[in-house]
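The values are calculated or read from the model by the stated rules, or taken from the named source; none is laboratory data. The model shown is predicted, which means the values in this text are computed figures rather than measured ones. Here Cβ is always computed from backbone atoms with ideal geometry, including for glycine, and neighbour counts include all displayed protein chains. Note: accessible area is taken over every heavy atom of the protein model, side chains too, but ligands, DNA and RNA are not part of it. Shrake-Rupley method; radii C 1.70, N 1.55, O 1.52, S 1.80 Å.
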Amino acid sequence: MVRQELRLTGSGGQGLILAGIILAEAALYDGMNVVQSQSYGPEARGGASKAEVIISKDEINYPKVNECDIMLTLTQAACDKYIKSLKPGGTLIIDKSLDKKPERDDITIYTVPILETATNKLGKPMVANIIALGSVYELTKIVSKDSLERAVCDRVPRGTEELNKKALEEGFNLIKEHKEECYGDVC
């Protein structure tokens, strides 16, 4: 991996901005160059949000994501809004709750129950962002597992470290369990 551009999308309040920050910190722990940015609608909670992370072994000269290699989305609105920014050959991770999958045959799409797992298996909808991070890690191995766990524990509220470690594990497992349920040419 020389350079990877990632976009994490959903709605405000889902914690994807924090997920982007955690991923960026994990890359820093691994000694990589990294840029992280975010944006969200003026309504903050419920409006579209995105976190962007560029991770590179080389110097990063331009800090914006144009065409991402990997995109994760938790809402239909965010998927519809940002899908065109996923480059051909890219990887899309979408939550199982999305009504329609993008009609693109030039990307690989993984459909996993991130939100359902957070709510039903862990009983805490607020850890969906950490489950999402685990899914991104399991597909990409973009950072080391140790660095990701460390970054999660450094950023989550005190007293929730064990819950968030479980959420990370659930994200790893979702990809292992659902990897065969992908769409596109690469699978």
Point to revise | Whether the stretch 114-154 is rounded, prolate or oblate, judged on the alpha carbon gyration tensor where a/c under 1.5 counts as rounded | key: oblate
Point to revise | Qualifying trypsin sites (Lys or Arg not before Pro) in the stretch 1-103, DSSP loop, other Cβ atoms within 10 Å at most 13 | key: ARG45, LYS57, LYS64, LYS100
Review point. To the nearest 10 square angstrom, what accessible area does ASP80 show with a 1.4 Å probe?
Key: 80
**Study point:** Accessible area in the full protein assembly, largest first, 1.4 Å probe, for THR119, THR91
**Key:** THR119, THR91
**Study point:** List SER144, SER97, ordered by accessible area with a 1.4 Å probe, largest first
**Key:** SER97, SER144
Exercise for review: Specify which labelled value, from (1) 15.0, 44; (2) 20.5, 84; (3) 22.8, 73, agrees with Rg and Dmax of the Cα atoms in Å derived from the coordinates of the model shown.
Suggested key: (1)
Review point. Longest exposed-loop-site-free stretch of the chain, with GluC sites (Glu not before Pro), DSSP loop and at most 10 other Cβ within 10 Å?
Key: 104-179
Exercise for review: Past 30 Å, Cα to Cα, is the threshold; run LYS124/LYS176; LYS57/LYS121; LYS50/LYS100 against it and keep the listed order.
Suggested key: LYS57/LYS121
Check your understanding: For the stretch 77-164, rounded, prolate or oblate, judged on the Cα gyration tensor with a ≥ b ≥ c (square roots of eigenvalues), a/c < 1.5 rounded, else prolate if a/b > b/c?
Key -> oblate
**Study point:** 25 °C / 0.890 mPa s Stokes-Einstein diffusion coefficient of the stretch 1-75, Kirkwood radius on C-alpha pairs, µm²/s
**Key:** 198
**Study point:** Rounded accessible area per residue of the stretch 61-187, 1.4 Å, Å²
**Key:** 51
Practice item. Compute from the Cα atoms of the stretch 75-124 the Rg and the Dmax, the latter being the longest Cα-Cα distance, and quote both in angstrom. Key: 12.1, 36
Check your understanding: Scattering from the C-alpha atoms of the stretch 28-139 alone, worked out with Debye: what is log10 I(q)/I(0) at q = 0.14, 0.21 1/Å?
Key -> -0.63, -1.33
